[in-house]
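Take a look at the structure below.
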Amino acid sequence: MQKEVAMITGASSGIGREMAKQLSKQGYELILMARREDRLKQIRAEVNTACEILSVDLSIPEECMNVYEKTKEKNITVLINCAGFGAFGTFTDIPLEKELQMIDVNIKAVHILTNLFLKDFRRKNKGSILNVSSVAGLLPAGPYMAAYYASKSYVTSLTLAIAQELADDKSDVYIGALCPGPVATEFNDVAEVSFGLSSISAKDCASYGLKKMFQKKTIIVPSTLVRLSSSASRLIPRKWVVAVTGNQQKKKNKNNK
Ligand SMILES: NC(=O)c1ccc[n+]([C@@H]2O[C@H](COP(=O)([O-])OP(=O)(O)OC[C@H]3O[C@@H](n4cnc5c(N)ncnc54)[C@H](OP(=O)(O)O)[C@@H]3O)[C@@H](O)[C@H]2O)c1
């Protein structure tokens, strides 16, 4: 029987890398994507199932389309949109180019790959899509990481809406959003921040995310503390939540340490 294939973006590091290893252990063949080919080769050498690597810059929409054209005939049953990054600073201080690139990776690439693969999954009435959002995507706004929070709100909102459409159609296809709080990965170095709150490991985040994906949970929040605080934030006026989030963000500034 043809083996099932899991496609993972952002697999060269952090949460995506851990998900690749764990899905391989569960018997999935892999298609891994990121820009750093050397990192992807390392993971290919570590896993025991077939593993194809695609070195792509997902900030370029045409590359996302090409990925689909190259892989659409494979038996892909799991798509994990994990690639993403953040940028810290006052909105007008962060270079516009950097934020536009963030929008391309965090929003456009997720949108394009979800759209193209979901059409096939719907036709076959089989498949799972896990979009890696963030707890940032459950909060109203995040001063000092404004575009990052907004990008993750897009991912969460898009995912919730599609999940309802699938439920309305009684489809067996799954889509969900993984919304972690702080996770110890390379994210901070890329965003040039340090966490004010304690973080969970990428391994724990990945295993919780995959477990809940297979249980078909739509919004997945690893760590009890983050789950409780994001639920509590819905009981408090938005303005206060935004002010508190902004204060937390300011503490992440590496230069304040
Ligand atoms: N760490 C956290 O605290 C945290 C919390 C909530 C949500 N998240 C989300 O989790 C996801 C994974 O992040 P992480 O924490 O694992 O960080 P990470 O270790 O920095 O991994 C980010 C991944 O995204 C890939 N990527 C970035 N830009 C790309 C591009 N233009 N084209 C292709 N791939 C690109 C990177 O690969 P290359 O650099 O090799 O291209 C890398 O594999 C992100 O969506 C992030 O927003 C993270």
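The values are calculated or read from the model by the stated rules, or taken from the named source; none is laboratory data. Computed from a predicted model, the values in this text were never measured in an experiment. We place every Cβ from the backbone using ideal geometry, glycine too, and count neighbours over all the protein chains shown. Heavy atoms of the whole protein, side chains included, go into the accessibility calculation; ligands, DNA and RNA do not. Shrake-Rupley method; radii C 1.70, N 1.55, O 1.52, S 1.80 Å.
For the range 1-113, which fully contained helices (runs of 4 or more DSSP H) count at least 2 residues that are in contact (Cβ under 8 Å) with a residue 60 or more places away in the chain and more than 13 Å from the ligand (Cβ to nearest atom)?
14-25
Find the residue count for the range 181-213, including only residues that are under 19 Å from residue 142 (Cα atoms) and either open to solvent by less than 10 Å² (accessible area, probe 1.4 Å) or aliphatic (A, V, I, L, M) (or both).
Selection size over the range 181-213: 5.
For the range 140-152, indicate whether the set of residues that are within 25 Å of residue 100 (Cβ to Cβ), more than 11 Å from the ligand (Cβ to nearest atom), of a type in the set (Ser, Thr, Tyr) and open to solvent by 30 Å² or more (accessible area, probe 1.4 Å) is non-empty.
Within the range 140-152, one or more residues are within 25 Å of residue 100 (Cβ to Cβ), more than 11 Å from the ligand (Cβ to nearest atom), of a type in the set (Ser, Thr, Tyr) and open to solvent by 30 Å² or more (accessible area, probe 1.4 Å).
May I ask you to say which residue of 56, 110, 78 is surrounded by 18 or more Cβ atoms within 10 Å (Cβ to Cβ) and over 18 Å from residue 190 (Cβ atoms)?
Just a single option satisfies the conditions, and that option is 78.
Kindly evaluate residue 107 against the criterion of being of a type in the set (A, V, I, L, M, F, W, C), under 27 Å from residue 148 (Cβ atoms) and within 13 Å of the chain's Cα centre (by Cα).
Details: of a type in the set (A, V, I, L, M, F, W, C): yes; under 27 Å from residue 148 (Cβ atoms): yes; within 13 Å of the chain's Cα centre (by Cα): yes.
When the stated conditions are applied, residue 107 passes them.
Within the range 89-100, is there a residue that is within 25 Å of residue 202 (Cα to Cα), in contact with a Ser or Thr (Cβ under 9 Å, 6 or more places away or on another chain) and either open to solvent by 60 Å² or more (accessible area, probe 1.4 Å) or small (Gly, Ala, Ser) (or both)?
No, that holds for no residue.
Matching residues to (1) in contact with a Phe, Trp or Tyr (Cβ under 8 Å, 6 or more places away or on another chain); (2) within 12 Å of the ligand (Cβ to nearest atom):
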position	(1), (2)
194	no, yes
202	no, yes
213	yes, no
224	no, no
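In the range 114-126, which residue that is open to solvent by 10 Å² or more (accessible area, probe 1.4 Å) and within 14 Å of residue 162 (Cα to Cα) is farthest from the ligand (Cβ to nearest atom)?
The selected residue is 122.
How many of the residues making up the range 24-46 are under 14 Å from residue 8 (Cα atoms) and either among the hydrophobic types (A, V, I, L, M, F, W, C) or open to solvent by less than 20 Å² (accessible area, probe 1.4 Å) (or both)?
Of the residues in that region, 8 qualify.
Among the residues of the range 224-252 satisfying the criterion of being within 30 Å of residue 166 (Cα to Cα) and open to solvent by less than 40 Å² (accessible area, probe 1.4 Å), which is farthest from the chain's Cα centre (by Cα)?
233
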